[in-house]
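Let me begin by presenting the structure, written as structure tokens, before commenting on it.
The values are calculated or read from the model by the stated rules, or taken from the named source; none is laboratory data. Because the structure is predicted, anything quoted here is derived from the model rather than measured. Here the Cβ positions follow ideal geometry from the backbone for every residue, glycine too, while neighbour counts run over all protein chains shown. All accessible areas refer to the heavy atoms of the entire protein, side chains included, with ligands and DNA or RNA removed. Shrake-Rupley method; radii C 1.70, N 1.55, O 1.52, S 1.80 Å.
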Amino acid sequence: MSQAPLKRGDRAQDIENKIREGIISGTYAPGSALRQEELAQQFEASRMPIREALRALSVEGLVQLVPNKGAVVAPISAAELRENFEMREAAETLAIRLSVPHLSNVQIDKAAQIERDIKGAGIAEYGALNKAFHCTLYAPAQRPRLLAHIQSLHDLAERYLRFTLKYFDYQPKSAEEHDAILQACYQRDAKEAERLTSKHITEAGSILEEYLANH
């Protein structure tokens, strides 16, 4: 039985997801042009859903719409990275501080299982699992707008995260830090969980920022 054709909005969303993954994975290199006619051929689509997808990705910061030039993949930027991890640090320390008093062992166990999955994951799966780990611990804060903000920051940070994983062998360090955050949560030590979350975000960001600033 054949699948029903995608509606125009669904088609644009599907294309958006595929272009996003291409940018995050490096298939579309930073600074490279995203030509509508080429993308339309690649995805066997009209230009309308291509335009919608590129517009949505520009709002996320992954694509730049340049007058008289068109869409280009946003460059890897030390300044953008710093802004992202500064915003993440502010939002996620607030989230964990609000969440810890309300966390159940079941919720912490769920995050611990995600961390076990992370340890066996490849780079392509790492970002989604990492986001799920953190957001599982933040959910009891009951701040849906804050959580949505954090999720969008994780999405934007993923290509930087993949870069860090690839060039800095970051996974063992991240796993150690995740385990420490979990222990603080089991002990319901909100101050320690907040301190560890801050350290986890800022140290990873600073390592990559220094590298980008010097290359």
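Just a few scattered comments:
- Relative to the longest principal axis of the Cα atoms of the chain, the long axis of helix 105-119 makes an angle of roughly 60 degrees.
- Counting only Cα atoms, the size of the stretch 1-111 along its three principal axes is 52, 47, 20 Å, in decreasing order.
- Cα-based helix-to-principal-axis angle, 190-213 vs the chain, degrees rounded to 10: 40
- Surface accessible to a 1.4 Å probe, MET48 within the full protein complex, Å²: 70
- Amide H partners (placed H, <5 Å) of TYR28, local residues excluded: ILE23
- The charge dipole of the chain, taken about its Cα centre with unit charges on the Cβ of Lys, Arg, Asp and Glu (plus for the first two, minus for the last two), comes to roughly 560 debye.
- Here the chain is scanned for trypsin sites (Lys or Arg not before Pro) in DSSP loops (not H, G, I, E, B) that have at most 15 other Cβ atoms within 10 Å, and the longest stretch holding none of them is 70-187.
- Per-residue [θ]222 nm for the chain (sum of -39500 (n - 2.57) over DSSP H runs n ≥ 4, rounded to 500): -25000 deg cm²/dmol
- Å² per residue, accessible surface of the chain at 1.4 Å: 54
- For LEU34, the residues 5 or more places off, or on other chains, whose built amide H falls under 5 Å of its own are ALA71, VAL72, VAL73.
- Degrees between helix 123-138 axis and first principal axis of the chain (Cα, 0 to 90, nearest 10): 50
- Within the accessible area of the stretch 38-158 (1.4 Å probe), percent carbon and sulfur: 52
- For the stretch 121-171 versus the stretch 51-69, the gap between their alpha-carbon centres in whole angstrom: 23
- Separation in nanometres of the label points that stand 7 Å from Cα toward Cβ, at ALA213 and LEU65: 3.3
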